[in-house]
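After the structure tokens below, expect a handful of questions from me.
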């Protein structure tokens, strides 16, 4: 197979026992062989193979834009590898890169400048770290050609110093290719298939399942994942924690799981909303109706109730939708209690309550066995943004949509619909709009009919609302096309309601 031959050639660098002309010939044959064995033979492509003698020269080979000249400088997105000379044992290596040609971004400004290109490179980094155990470096902005190659990364590639000195500003993703075996093939295939995806090359039938599996995995790795066990460990360390993310990502479900599995159900769950006050959460005077008469009592709020209920066991207070309330007013002076390090060191602060409670309690202190886990919807513009004083006292964990959960459900329409929608947001959404991506829960169902109903009556109205509010910028035209596609798919699958 051409892919296997190419991976072996790239992983081997420039072996001392193989002449440059022979290696160049093998490399050209392997590149050409991809088209007709992995990708359609009519794919538009061009390549360069320049294996040059001399210690000061930089040899390279790879794929370039099909309109590139056959020699001289070129521009646009390129997939290039830089081989090094082998040692006495014949062991060489290659630095496989995504690079912008030295002529500049043209003719690939639309690819290099699209937010999704950089985001999928980050997903590629996570994918290869797990699948092949290699470290991939990616630049935050591929279009920043004036940004030098980071010294901290340069130190990892001392044998490629000449490459980095000459082309470091233009390299925006790189990995050292393993010398042989499945790891070499996996690295080369992943870089190559992402490049092909961006170029619009169609995989042939024999390779389609592998290419589609990579796309699914890249989508699954677009966002960092955080398991309940990791959240629990951080909660134990930081004591006060907020799960934040778009709607439908399972934040409330995860908080409930942590309460059940790690605190044995010892805790309470409350929900914040605009009517929650200091009196509701901490303590204060509240009205009470008894025997058709109105009187006022001083009652403990949710926080004080949790402190009392904790006793001598670990106890969890879960606050759902924490930013729906005005936290400055809800917490009042009690914000000074949320100092995790002081509590852990036995130096927890106490505050004076405005009014003594019926049992004579005058102060409030958070014990070292009370933990607070909150959830926060980052997409709702109608709710408050947490101020700096609150943020300093809480740790924040991003909970993102999870493609793998949808794929594991094995409902093709759900996987396809979520994948397409995630691609639109990942490829085109500006950073501020990425938090609007609907979560995986919109695509989960026990039956196909339930799935159709969720897509039609939950997902589509949400996306329509986004469009009406004009919140998606460059995503809008793509999202309208997605809604038309989804409506067609639902009609095709029998959901005509």
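Just so it is clear, none of the values below were taken in a lab; they were calculated from the coordinates. This structure is a prediction, so every number in the text was calculated from the model and none was measured. Backbone-built Cβ (ideal geometry, glycine too); neighbour counts: all protein chains shown.
Of the listed peptides 310-318, 183-191, what is their order by residue-averaged count of other C-beta atoms within 10 Å, with the highest listed first?
Top of the packing list down: 183-191, 310-318.
Using only alpha-carbon positions, what ratio does the radius of gyration of the stretch 1-93 give when scaled by 2.2 N^0.38 Å?
That works out to 1.10 for the stretch 1-93.
Quick one: if you stick a label point 7 Å off each Cα along the C-beta vector at residue 447 and residue 269, how many nm between them?
The two pseudo-label positions are separated by 2.6 nm.
State, to one decimal in nm, how far the label point of residue 468 lies from the label point of residue 165, with both points 7 Å from Cα in the Cβ direction.
Going from the residue 468 label point to the residue 165 one covers 6.3 nm.
Next up: Provide the gained length on full extension for the span residue 260 to residue 109, in nm with one decimal, where the gain is 0.36 nm per separating residue minus the Cα-Cα distance.
Contour length minus the Cα-Cα distance gives 49.3 nm.
While we're on this one: Classify the stretch 351-475 as rounded, prolate or oblate, taking a ≥ b ≥ c as the square roots of the eigenvalues of its Cα gyration tensor: rounded when a/c is under 1.5, otherwise prolate if a/b is larger than b/c and oblate if not.
Prolate, because a/c is 1.5 or more and a/b exceeds b/c.
What do you get for the angle between helix 2-12 and the principal long axis of the chain? Use alpha-carbon atoms, 0 to 90 degrees, nearest ten.
Rounded to the nearest ten degrees, it is 90.
Could you give the nm distance between label points at residue 484 and residue 416, where each point is 7 Å from its Cα heading toward the beta carbon?
1.8
Right, another one. Extent of the stretch 424-497 along each principal axis, from alpha carbon coordinates, in Å, largest to smallest?
34, 21, 20
Cβ neighbours within 10 Å, averaged per peptide: list 39-45, 77-83 in order, most packed at the top.
The peptides rank, most packed first, as 77-83, 39-45.
Consider a paramagnetic label point 7 Å from the Cα of residue 305 along Cα→Cβ; state which residues of the stretch 354-372 have an amide N under 16 Å from it.
358
For 297, 368, what ranking results if the residue with the fewest other Cβ atoms within 10 Å of its Cβ goes first?
Working: 297 12, 368 16.
By the 10 Å Cβ count, ascending: 297, 368.
Which ordering of 226, 132 is given by a fewest-first count of other beta-carbon atoms within 10 Å?
Listing 226, 132 from fewest to most nearby Cβ atoms yields 226, 132.
I've got another one for you. What do you get for the angle between helix 412-428 and the principal long axis of the chain? Use alpha-carbon atoms, 0 to 90 degrees, nearest ten.
On a 0 to 90 degree scale, this one is about 80.
How many angstrom lie between the C-alpha centres of the stretch 414-483 and the stretch 1-78?
For the stretch 414-483 versus the stretch 1-78, the Cα centre distance is 40 Å.
Okay, next question. Which length gain, in nm to one decimal place, applies between residue 457 and residue 389 when the Cα-Cα distance is subtracted from 0.36 nm times their residue separation?
20.5 nm
Separate question: When a/c is below 1.5 the answer is rounded, else prolate if a/b is larger than b/c, else oblate, so apply that to the chain with a ≥ b ≥ c taken from the square roots of the Cα gyration tensor eigenvalues. The partial results should precede the final answer.
On the way: a/c = 2.84, a/b = 1.97, b/c = 1.44.
Because a/c hits 1.5 or more and a/b exceeds b/c, the chain counts as prolate.
Treating the angle as unsigned and between 0 and 90°, give the value, to the nearest 10°, between the Cα long axis of helix 20-33 and the longest Cα principal axis of the chain.
Tilt of helix 20-33: around 60 degrees.
How much length, in nm to one decimal, is gained on full extension between residue 216 and residue 26, taken as 0.36 nm per residue of separation minus their Cα-Cα distance?
Taking residue 216 through residue 26 to full extension adds about 65.2 nm, to one decimal.
Mind running the shape call on the stretch 42-192? Use the C-alpha gyration tensor, a ≥ b ≥ c as the square roots of the eigenvalues: rounded below 1.5 for a/c, prolate if a/b tops b/c, oblate otherwise. Mind dumping the intermediate values first?
Details: a/c = 1.37, a/b = 1.14, b/c = 1.20.
Cα axes put the stretch 42-192 in the rounded bin.
Just from its helices, what would the mean residue ellipticity at 222 nm be for the chain, if runs of 4 or more DSSP H residues each count -39500 (n - 2.57) and the sum is divided by every residue, rounded to the nearest 500 deg cm²/dmol? Don't jump to the answer; show the numbers that get you there.
Numbers: 20 runs with 201 residues, N = 497.
Dividing the helical sum by the residues of the chain leaves -12000 deg cm²/dmol.
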